[in-house]
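*Asks:* Mind having a look at this structure? Questions to follow.
Any read-out appearing in this document is the output of simple, stated calculations on the displayed coordinates, not a laboratory observation. This is a predicted model, so every value here is computed, not measured. Every residue, glycine as well, gets a Cβ built from its backbone with ideal geometry; the counts of neighbours run over all protein chains shown.
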């Protein structure tokens, strides 16, 4: 091989940190944090913490020194159970900068599962938000490899025994630090899949993956983040690197607004206005709430004034068309779906329709805006049929979605079985069923295991759900397979009504779906009305629980 | 080292090619090529060749097969002496896709120097534009390692002996090709420095460098190229990868317009209008010509209608402030300086001032718009004093500019002396003298060797030139050092007038410069008026030749 004469320059997270400090020292990182409790409502009161890329840098250096002082060295896992705030941001950069692995634990999991994950990852230190500090004794008992507990945020009632306060941990440290040599393929971060089935599986991100994902996110082919934007990542930072935003924003000097516990629609609207947010990013559930709030305020004659806000980036679940249309028609906000997974760092595709596109055909535009989008630069997609033959793009045929690229997982951490089940000839099998248009626009049809197999034909549960959620009487709809003696499986619709006194009949819903190009044989055989659909910790429908609940359901 | 679980996915040029074909098949690549000669003026007549990313793909595959069939394999050097057109574009992709090295030779060099370069690089095949085909016998004699000559474009008078026509070379080949395994550190391309001093030095680009440079170019922190742009790279494709545009445009599906021999202002204006060009990229000389043409047409009452054109990207030399102001004030066009070198693939910095910035202070805006700009993501800058101590950004002090990053050269090809002279502790010494502001905005003051050392103080020749070129009577100005008995060196201004009958006096020019904040001791001691300033083949002032011409100059 004839090598080039280019430098052997490693792509590492410290380079992003240094860039943010040097080029964008005055750009802000705003954290909305609880500063007390309203005595009447018992609700936390939000306060604003304001820092900059320049001011946060010496604190990150202090944290690096404190980690090194605590014996953390290359390859060690350091866990966080933390909310979105500047402290979590500091951990995002300091832990990889000492060569260690920032393991972002999903704080919404049951504590037993958290202990399983902490033990599997062999975490040595846990940085834990003050609101979860009461769990420390239990974690100490069930994840005994953790030797150090550092509490983020004040504990007015006193620190749990043996725990250290974060400010004390870093306070006395020097504000300069010499990075160790870091190979770009070295692990920098870790997440476990939220696990709709089986035990969570660990994915180790690399400095290279994070750097390339951040750089690609600056392109308008992906997120188009730039130094003039103000991003509010409502997505939790434990959820696949907070969709990469902490790193992406730092690389280009975008302003960041972190909401900690204040992810309700009223607070989102308030701080979007106060901080001049241009992009909000989160799961559909968050935006369903925001839509209700914007509608309510508008019809009350006191609409929210959000002149800077332009784009709502939606990921984590399929984007209902009704949401796209409602935000656009009623609030002039552009919904932008993105698709990714824990295994994809996370972004694989983003919908690249822009606000001015298809101006003469709004219905077509909204159809296109529900698509999962086109692959990022450096990411490749492939569709396969059941025999692993490639399905041509634009054929209309759906198949298993495979993906490859420099930020796609090639294995699971200490889990050869799960690795073997998902890796095929250099491609990662997503477990999703999708279509891909001739121009590379991908649409997730369903999780492979959520498809409904009726008489040898597949019915997409996601398609039915998205149509049903456009019905004015329906707040949420999940569709699952139930056993059928003749057809093998048939769809059952599980519905949460907006108003339990206004329940549509099956005939109403059949008519509604048929009008929206659903085939007759795909119509759900029955509907059940429930108060709530169980969800995963990241807001997806937990269909496993619904299937369990309705496993003996008898179709009429 | 704890490795991540990410895939080992190589960053290679075939991935860019595949992306362009799959995602942007209908996007156009337009080439304006000579289709005959005007009998009256003897000028070539332009004709439009139109293809797409989709249609060019099978031709690239054919070229891959033809190269493999001609015995080209991994690491082999393949030379081009070619104009900007779709054929050169095909070579840009096919040569690296077979694992070989696309060596883009500067066609404006004297044939002796071309033969030196071809021999030094050990090129095996030469793809040569029909207009240079007469040089084949000479090259065959003086660069005997070249075994195959392929002529680009028709030769109505017949092919030179032993040469092959390009269409014949690829025509019978299959339209599919299986890429060999390519390591991203492998050499993909090669350029020689245009060499204002000494013999040209070779730089080998890598698949990794090109891929990362392209991805960074999609960010608004660098070029901000996207799929909705139409780019006219007037910069020759032999000049540092055509500033990366062929690869960058393909990665994001931007339309490209190539001008071959038609780089005069009238044809630029014509095809910008006809093809809807949004960005033109070239050296200042090109845009000085375009400015004259736009001014002329406007004052003649027949202004060019260029509604799509927004940005003029200028590189290769410092951007005169007068050019920035003239395009903005008179033609509503935004000039965007960029800085790079053969050794930097090429982009190191880009000026990120946007059209709407500093709207209330036009003079300040134009000052800022002449800066070389801020470093690209993944690129780091460093300033050093003569003792190799780092100079802090924002100190106002100038020093030697060093640079590092994944697309910066770490050595010269087979040239350990030149390598040792420019590599210092992982940084490349650019040989430029620069300042860097507190926010990372860099400004080239001069080439180190072009600085004028007067009484122990430095005078920037570039600063004086840029001011002088704003004078209404002056078309071009170069400033060089001449020996002085007392001050060691003093500046001499070498001037090309717009109208030789309107020559300003020294007192006029002194007054003009003093009004523009030039210090009295920095004023040139004398001026010489010449018909033309000699230039390098890429349009930079050839100061070496001026210094030679005026080496015995006696100051009064």
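*Asks:* At 25 °C and 0.890 mPa s, what whole-number value in µm²/s does Stokes-Einstein give for the translational diffusion of segment B:379-447, with Rh from the Kirkwood sum over Cα pairs?
*Replies:* 198
*Asks:* Would you kindly state how much longer the chain becomes between residue B:296 and residue B:552 on full extension, computed as 0.36 nm times their sequence separation minus their alpha carbon distance, in nm to one decimal?
*Replies:* Stretched out fully, the residue B:296 to residue B:552 stretch lengthens by 88.1 nm.
*Asks:* Right, here's the next one. Would you compute, from DSSP H runs of 4+ residues alone, the mean residue ellipticity of the protein assembly as shown at 222 nm, taking -39500 (n - 2.57) per run and dividing by the full residue count, rounded to the nearest 500?
*Replies:* Rounded to the nearest 500, the figure is -8500 deg cm²/dmol.
*Asks:* Return a whole-number percent for the relative contact order of chain B, with Cα pairs under 8 Å and 6 or more residues apart as the contact set.
*Replies:* Reported as a whole number, the value is 10 percent.
*Asks:* Moving to a separate point now. Under 18 Å from a point placed 7 Å out from the Cα of residue A:48 along the Cα-to-Cβ direction: which residues of segment A:1-41 have their backbone N that close?
*Replies:* What the label zone holds, given the 18 Å backbone N cut-off, is A:26-36.
*Asks:* Helix A:284-299 against the longest principal axis of chain A: what's the angle in degrees, Cα atoms only, rounded to the nearest 10?
*Replies:* That works out to roughly 80 degrees.
*Asks:* Starting from 0.36 nm per residue, how many nanometres of slack lie between residue B:155 and residue B:119 once their C-alpha separation is accounted for?
*Replies:* Additional length available on full extension: 10.4 nm.
*Asks:* On to the next question. Need one value for B:243-254: mean number of C-beta atoms belonging to other chains within 10 Å of its residues' C-beta atoms.
*Replies:* Mean shielding count: 1.
*Asks:* Still on this structure, please answer the following. Which distance in nm do the two modelled labels at residue A:449 and residue A:386 give, with both placed 7 Å along the Cα-to-Cβ direction?
*Replies:* So the two model labels end up 1.9 nm from each other.
*Asks:* Average partner chain C-beta neighbours within 10 Å, per residue of A:378-388?
*Replies:* Per residue, the number of nearby Cβ atoms from other chains is 2 on average.
*Asks:* Which of A:247, B:179 comes first, and how do the rest follow, when ranked by fewest Cβ neighbours within 10 Å?
*Replies:* B:179, A:247
*Asks:* If you don't mind, there's one more thing I want to ask. Would you give the gap between the C-alpha center of segment B:233-260 and the C-alpha center of segment B:290-315, rounded to a whole Å?
*Replies:* Answer, in whole Å: 22.
*Asks:* I'd like the distance between the alpha-carbon centres of segment A:177-226 and segment B:494-556, rounded to an integer number of Å.
*Replies:* Distance between centres, Cα-based: 55 Å.
*Asks:* Turning to a different aspect of this structure: Calculate the mean, over all residues of peptide A:18-25, of how many other protein chain Cβ atoms lie within 10 angstrom of the residue's Cβ.
*Replies:* 4
*Asks:* Now a separate question. Place the label 7 angstrom along Cα→C-beta at residue B:155 and in each other copy, then list the distances from the first to the rest in nm, shortest first.
*Replies:* Spacings between copies for this position, smallest first, are 8.4 nm.
*Asks:* For the residues B:193, B:430, what sequence is obtained by ranking on other C-beta atoms within 10 Å, fewest first?
*Replies:* Arranged by neighbour count, lowest to highest, B:193, B:430 become B:193, B:430.
*Asks:* Sticking with this structure for a sec: Principal axis extents for the protein assembly as shown, Cα atoms only, whole Å, descending order, please.
*Replies:* Sorted largest first, the three principal extents are 101, 69, 58 Å.
*Asks:* Cα axis of helix A:86-97 to longest principal axis of chain A: angle in degrees, 0 to 90, nearest 10?
*Replies:* On a 0 to 90 degree scale, this one is about 70.
*Asks:* Semi-axes of the equivalent ellipsoid of segment A:451-549: what are they in whole Å, largest first, if each equals the square root of 5 times a C-alpha gyration tensor eigenvalue?
*Replies:* Semi-axis lengths for segment A:451-549 are 20, 18, 12 Å.
*Asks:* At residue A:298, with labels set 7 Å past Cα in the Cβ direction, how many nm apart are the copies from this one, shortest first?
*Replies:* So the distances to the same position in the other copies read 4.4 nm.
*Asks:* Going by C-beta contacts inside 10 Å, put A:453, A:486, B:543 in order with the fewest on the left.
*Replies:* Ordered by Cβ neighbours within 10 Å, fewest first: A:486, A:453, B:543.
*Asks:* Still on this structure: From the label point of residue B:485, set 7 Å along Cα to the beta carbon, how far off in nm is each other copy's matching point, shortest first?
*Replies:* Ordered by increasing distance: 12.0 nm.
*Asks:* Sticking with this structure for a sec: Between residue A:18 and residue A:544, what FRET efficiency comes out of the Förster formula 1/(1 + (r/R0)^6) with R0 = 56 Å and r the beta carbon distance, rounded to 0.05?
*Replies:* It comes to 0.80.
*Asks:* Given a Förster distance of 60 Å, report the FRET efficiency between residue B:176 and residue A:40 from their Cβ-Cβ distance, rounded to the nearest 0.05.
*Replies:* So, using R0 = 60 Å, E works out to roughly 0.25.
*Asks:* Give me Rg over Rh for segment A:296-440, both radii from the alpha carbons and Rh done the Kirkwood way, two decimal places.
*Replies:* Here Rg/Rh amounts to 1.06.
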